[in-house]
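Data block below; observations after.
The values are calculated or read from the model by the stated rules, or taken from the named source; none is laboratory data. Keep in mind it's a predicted model, so treat the numbers as computed, not measured. All Cβ positions, even for glycine, are placed from backbone atoms using ideal geometry, and neighbour counts span all protein chains on display. These area figures cover heavy atoms from the full protein model, side chains too; ligands, DNA and RNA do not enter into them. Shrake-Rupley method; radii C 1.70, N 1.55, O 1.52, S 1.80 Å.
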Amino acid sequence: MSTTDEHWQATYTALDSSTLLALLPVLQQGKERATRMTEMDARHHQQMDGSDAYSAQLYGEALAAFDARIAADDPAREKLAELRDKVQEVLGNQVQRTAEGKRDMRSAEYLWAHQQREQWIIEELTRRGILPGFPQKPTAG
């Protein structure tokens, strides 16, 4: 258990039951927000998959052109320079996707934190007898 978990659990334990109950809708809203953010990120990454394929195509074209060893005075040299510029642009976009991937992790952590707190409150309110617990099987005796 991390010190962050210990901190909020100690804080929540000190709260009265009505305050804990009042936190549940707030945590639900946070979970819904995090879920929307996660879904939006997933759609964005699907769109970026096409960009990765395009990037691979550009690399292939650049290597083929380089392998052909175009003569210095050949007009195709200009086309190769344009292609090299496109590759650099795509590489810049990949750096941006890496930064967005970090945001994905923050969305997941945000969602997980809300889920953990909500579950803890429900368990605590059940322990306090505010919420009903799941009935136990009768023991044979």
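Let me check I've understood the local charge: for Gln116, count other residues with C-beta under 13 angstrom from its C-beta, Lys and Arg +1, Asp and Glu -1. What total comes out? Present the calculation step by step, with values, prior to reporting the outcome.
Details: positive: Lys31, Arg117; negative: Asp5, Glu6, Glu109, Glu118, Glu123, Glu124.
Around Gln116, the surrounding residues sum to -4.
Using 0.36 nm per residue of separation minus the Cα-Cα distance, give me the extension gain between Leu21 and Arg128 in nm, one decimal.
Details: separation 107, 0.36 × 107 = 38.52 nm, distance 1.20 nm.
Answer, rounded to one decimal: 37.3 nm.
By per-residue mean of other Cβ atoms within 10 Å, what is the highest-first order of 108-120, 24-36?
For the peptides 108-120, 24-36, the packing ranking is 108-120, 24-36.
I'd like the distance between the alpha-carbon centres of segment 120-141 and segment 10-28, rounded to an integer number of Å.
A separation of 18 Å, based on Cα centres.
Sort Ser107, Ser17 by accessible area with a 1.4 Å probe, largest first.
Highest to lowest solvent-accessible surface, that is Ser17, Ser107.
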